[in-house]
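Novice: Handing you this structure, nothing more for now.
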Amino acid sequence: MFAPAPSSRLSRLGSSAVGGLRVVAKAIAAFLEAARNRREARALLTMDDCMLRDIGITRGDVHSALASAPRRDPTARLRILAVERRAAAKAALRERYPDAGLLDAFLASRKIVRESRATDNSDCSNTL
């Protein structure tokens, strides 16, 4: 048996080094993206509660997402919280109006919300 040529050993070493650099580059890119998204999530705190509600999150959701580790992307957590809130609202509508279709239940709930906001001046006046 014979030993592989030195050039083939070098090429394997070079390809391992390139693979390692790719892993490091991806990790750095992910960290930088998480940092950028963290800044953008922090900017959500400058919005008022009505605007946050319009996009399906609360101020507490933003604080909760920002409390995660610095290397974690807070926008993923915000997305999960918004989807969970929408799903819970749909489930509540189905429970409250079991005989109605989802659209009818949604329209009835909007009417109830509109009527309650008409009596409450502290809420957002420009919605609905």
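Novice: For the stretch 29-46, take each phi angle, set θ = phi - 60°, evaluate the Karplus expression 6.51 cos²θ - 1.76 cosθ + 1.60, and give the result in whole Hz per residue in order, putting x for glycine and proline.
Specialist: 4, 5, 5, 5, 5, 4, 5, 5, 5, 5, 4, 5, 5, 4, 5, 4, 5, 7
Novice: Could I ask something else about it? Multiplying the sequence separation of Leu45 and His63 by 0.36 nm and subtracting their Cα-Cα distance, what value in nm do you get?
Specialist: Roughly 5.6 nm would be gained on extension.
Novice: Sticking with this structure for a sec: For Lys90 and Ala35, FRET efficiency with R0 = 22 Å and r from the beta-carbon atoms, rounded to 0.05?
Specialist: Computed FRET efficiency for Ala35 and Lys90 comes out at 0.05.
Novice: Where Lys and Arg each count +1 and Asp and Glu each count -1, what net charge lies around Arg36 among other residues with Cβ under 12 Å from its Cβ?
Specialist: 0
Only the coordinates and a few stated rules stand behind these numbers; no lab work does. Predicted, not measured: the structure shown is a model, and the values here were computed from it. Please note: Cβ atoms are built from the backbone with ideal geometry, for glycine as well, and neighbour counts cover all protein chains shown.
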